[in-house]
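Each remark here refers to the structure printed beneath this line.
Only the coordinates and a few stated rules stand behind these numbers; no lab work does. Keep in mind that what you see is a predicted model, and the values were worked out from it rather than measured. Don't worry about glycine lacking a Cβ; one is built from the backbone with ideal geometry, like all the others, and counts go over all protein chains shown.
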């Protein structure tokens, strides 16, 4: 607000001074000029009448001569002062209009409006820097989970389009330099704003993401930062000063591809858990064993090459850079879009191909040409532009590395369900028996659709039923929490407890007989309706007591006390 007042007064200072001087001088002289009433008696105009007449004259309203008809001298004076007053008014009005359309003033006004909306937020929110395809996906996911967002975006057109979208119109958003410390400060890095729970830096410029992460860690060291980075240098730089989550989409995809090669079951379970809730579950993916072709060994392809080496999968590299080809004996120089290049790399005998160049059109061309030469190829493709989703969907690729979707999934998982990465990491390092157990338990409740994930903290109001059970001397176990408390029949909820955290200890896939305690944190995967029933059971004091004891309990405290006396 101070910036708006200062800018307004600076721009309007000269026209206001001119307007006041011309108006005041006109009034003072008008009062001194003698006039005459209807009878011809000499009179002078009062200050109020003079102010009134000059105002209606200068604004060209002109109601007439007041309080009496003017003398010739007064009319001559009115003609003389007419033009200076009209010019002063037009100059002032023009300055005001130019101020309202001035980009600098509008930017200050938008910043002030953004600051007020941020300060009015009463729910937890993330500062989201960058609102492209990835940013929209992340914000949608946050809103579905009851977490809000304050958006900073470089492109003004994107911010304006948010006001036209019902999903985002209520969010505070501001266009400008997302690395500007002042914008980050008013977005929530200031100490007086308590509802900001983290910063998500997902612009297309990883140096900007690095700057945002550094600024956040300097201003609010304890605030979590989730940042996107695509080069090893920036990833290492972010990790060096304590960035909580650094998302490198190429590395993440390469790791998942290695998992698909080494353990299709683990890959499948992981894919189920990170998919969009409600989407159709992927069937098991089985990349074939044999010779592969890797087209492009840049940022993406080099990471894929490392994982192919770890899996001991033989492959031939195709690349347009001679130095990369020379580093790998047996490689082929070319783009891979030509049939001759692919045949030289052995496409007819290969079992799979990775189209990993930095150009979507080239990757699509590689897929089409390779499939014509060998229709049985297993195809992995890299996609850079989200606008090409439909093209890659119809290309027949078995696995597509969609950069924006990979980043959005990982950030949403960490921001909304922090225990999910812990469970996935445990899954990857366990044997096939554990992966098969998780797969069968999830398949039994998901009905072919990707699960919703939620975390239950058994504290405060969400431990009412546990405290009531403890006072009644009833032990609540996992099977009681995962049962529908509103029905007398023994109906299990469509969910699986993946992880139980108690203090510093963690238990993965706790069994139905495992006892629950106040303070436990649980990670569930299942249908959204199961979460609603679980929340009811935890809030309702008698729900879990009734399920655990097998005896329906009265809901009122007095009736429960009488029931205990009768039982004793």
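Starting from the Cα gyration tensor of the chain, take the square roots of the eigenvalues, sort them a ≥ b ≥ c, and report rounded, prolate or oblate (rounded when a/c is under 1.5, otherwise prolate if a/b is larger than b/c, else oblate).
In terms of gyration-tensor shape, oblate.
Where does segment 302-348 land on Rg(C-alpha)/(2.2 N^0.38 Å)?
Expressed relative to 2.2 N^0.38 Å, the Cα Rg reads 1.14.
Nearest 10 degrees is fine. How inclined is helix 47-58 to the longest principal axis of the chain, computing both from alpha carbons?
Approximately 60 degrees, to the nearest ten.
Within segment 8-31, find all residues whose amide N lies under 14 Å from a label point positioned 7 Å from the Cα of residue 61 along Cα-to-beta-carbon.
none
Helix 2-32: angle to the longest alpha-carbon principal axis of the chain, degrees 0 to 90, nearest 10?
With both axes taken from Cα atoms, the answer is about 10 degrees.
Which shape class, rounded, prolate or oblate, goes with segment 233-340 when its Cα gyration tensor gives a ≥ b ≥ c as root eigenvalues, a/c under 1.5 marks rounded, and past that a/b bigger than b/c marks prolate?
Oblate, because a/c is 1.5 or more while a/b does not exceed b/c.
Express in whole angstrom the spacing between the alpha-carbon centres of segment 64-142 and segment 224-282.
The two parts, judged by their Cα centres, are 48 Å apart.
Roughly what % of DSSP beta bridges within the chain run antiparallel, to the nearest 5?
35
Measuring from centroid to centroid over Cα atoms, what is the spacing of segment 289-360 and segment 464-539 in Å?
Result: 50 Å between the Cα centres.
Looking at the square roots a ≥ b ≥ c of the eigenvalues of the Cα gyration tensor of segment 451-567, which shape do they give, rounded for a/c under 1.5, prolate if a/b is larger than b/c, or oblate?
Because a/c hits 1.5 or more and a/b exceeds b/c, segment 451-567 counts as prolate.
For the chain, what does -39500 (n - 2.57) per DSSP helix run (n ≥ 4), summed and divided by total residues, give at 222 nm, in deg cm²/dmol to the nearest 500?
So the calculated ellipticity at 222 nm is -15500 deg cm²/dmol.
May I ask you to sort 263, 437, 546 by Cβ crowding, counting other Cβ atoms within 10 Å and putting the fewest first?
437, 263, 546
Tilt of helix 432-446 relative to the longest C-alpha principal axis of the chain, in degrees (0 to 90, nearest 10)?
Value to nearest ten degrees: 60.
When ranked by the protection proxy of mean other Cβ atoms within 10 Å per residue, highest first, what sequence do the peptides 482-488, 74-80, 243-249 form?
The most tightly packed comes first, giving 243-249, 482-488, 74-80.
Just want to confirm a number: the relative contact order over the chain, from Cα pairs under 8 angstrom separated by 6+ residues, in percent.
9
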